[in-house]
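Presented below is the structure to which this report refers.
Every read-out reported here was derived from the displayed coordinates using simple, explicitly stated rules and does not represent laboratory data. Fair warning: this is a prediction, and the values are worked out from it, not measured in the lab. Because the Cβ atoms are built from the backbone with ideal geometry, glycine has one as well, and the counts that use them run over all protein chains shown.
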Amino acid sequence: MSPTIAPTDAFATLTQILDERWTCRQFRPERVPRPTIEALLRAAQRSPSWCNTQPWQVAVTEGAATDRFRKELLEHIQNSAAAPDFAFPAQYTGVYRDRRRECGLQLYESVGIVKGDQAGTMRQAMRNFELFDAPHVAIISTEADLGVYGAVDCGLYIGTFLLAAQSLGLGAAPQAALASYSPFLREYFELSENRRIVAAISFGYPDSDHPVNGFRTRRAETDRVATWFTD
């Protein structure tokens with residue numbers, strides 16, 4: 001039997017941040033100071049990547065630029081079809097469907113949306129494109145030539161970004177919804193045609209009093225995801 005390993009202070013800090021991290025869906029209006037955002041970006045930049053390619057590029061908004069983007073994004077989606085650079089899941093089945101459904105029910109219950117309330121469900125979905133009233137959004141893109149591995153590396157970047165935001169007392173919401181309008185984002189932020197939109201992250205100070213920020217999702221036990229092969 002392997003000896004028990006005593007957690008280090010660093011591991012304890014990491015697990016605390018992981019345990020406490022959550023998706024913020026309502027933000028306060030005040031901007032995050034630029035030095036804090038720069039510290040967040042420096043931390044995220046330490047993310048690992050395939051052959052150290054660091055394929056991510058990040059467009060970050062603040063102040064009036066966030067408000068302009070929010071307004072034009074909402075106008076765009078009213079009359080435009082979704083066109084993501086990366087295909088969305090074809091379907092959710094089994095345990096993946098169950099976990100998605102549980103999360104959705106928690107979200108809707110927190111804001112008083114009952115089953116069958118299609119108008120309420122649509123209003124909540126539109127909150128994605130309102131950036132949950134966040135004062136900042138980060139648009140994450142990768143290089144097309146790097147294919148799926150560039151997107152995977154950006155996923156690692158997003159994970160680090162979220163943990164760094166949590167450690168700084170910020171709220172953050174990773175959003176695939178915005179990537180469903182990739183051509184618009186590419187044009188709006190003047191990205192090259194070879195950039196592919198992976199996701200967006202709305203961020204700022206969380207509105208801790210709003211009920212939508214009151215629920216927490218569960219994680220599966222490790223024995224549901226890890227299979228051991230031993231001597």
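Let's see if you can work this out: charge +1 on each Lys and Arg Cβ, -1 on each Asp and Glu Cβ, no other charges. What is the dipole magnitude of region 177-231 about its Cα centre, in debye to the nearest 20?
100 debye
State which helices in the chain qualify, where a helix is a whole DSSP H run, it must extend 27 Å or more along its own axis by its Cα atoms, and its mean Kyte-Doolittle hydropathy must be at least 0.5.
Helices meeting the criterion: 147-167.
For region 178-231, rounded, prolate or oblate, judged on the Cα gyration tensor with a ≥ b ≥ c (square roots of eigenvalues), a/c < 1.5 rounded, else prolate if a/b > b/c?
Note, shape of region 178-231 comes out oblate.
Which FRET efficiency, nearest 0.05, do LEU41 and PHE215 yield, Cβ-Cβ r, R0 35 Å?
0.75
Quick one: check the C-alpha center-to-center distance for region 209-225 versus region 154-200, whole angstrom.
If you average the Cα positions of each part, the centres end up 22 Å apart.
Given the C-alpha centroids of region 1-79 and region 99-132, what is the distance between them in whole angstrom?
23 Å
Which of the peptides 22-35, 101-114 is most tightly packed, and how do the rest follow, judged by the mean count of other Cβ atoms within 10 Å per residue?
22-35, 101-114
Taking R0 as 25 Å, what FRET efficiency do you get between SER110 and ASP19 from their Cβ-Cβ distance, rounded to the nearest 0.05?
Rounded to the nearest 0.05, the efficiency is 0.80.
Principal axes first, then extents: for the Cα atoms of region 1-114, list largest minus smallest coordinate on each axis, whole Å, largest first.
Computed over region 1-114, the largest-to-smallest principal extents equal 62, 42, 35 Å.
Using label points projected 7 Å from each Cα along Cα→Cβ, tell me how many nm separate ASN52 and TYR188, to one decimal.
3.5 nm
Output the Cα-based Rg and Dmax of the chain in Å, rounding Rg to one decimal and Dmax to a whole number.
According to the Cα coordinates of the chain, Rg and Dmax are 18.8, 62 Å.
How big, on average over all directions, is the shadow cast by the Cα convex hull of region 106-231, in nm²?
Average of the hull's projected areas for region 106-231 equals 11.4 nm².
Sum -39500 (n - 2.57) across every DSSP H segment of at least 4 residues in the chain, then divide by the residue count to get the 222 nm mean residue ellipticity, nearest 500.
Computed ellipticity for the chain at 222 nm equals -12500 deg cm²/dmol.
Length gain on complete extension for the stretch ALA226 to ALA90, per 0.36 nm per residue less the alpha carbon to alpha carbon distance?
Stretched out fully, the ALA226 to ALA90 stretch lengthens by 46.5 nm.
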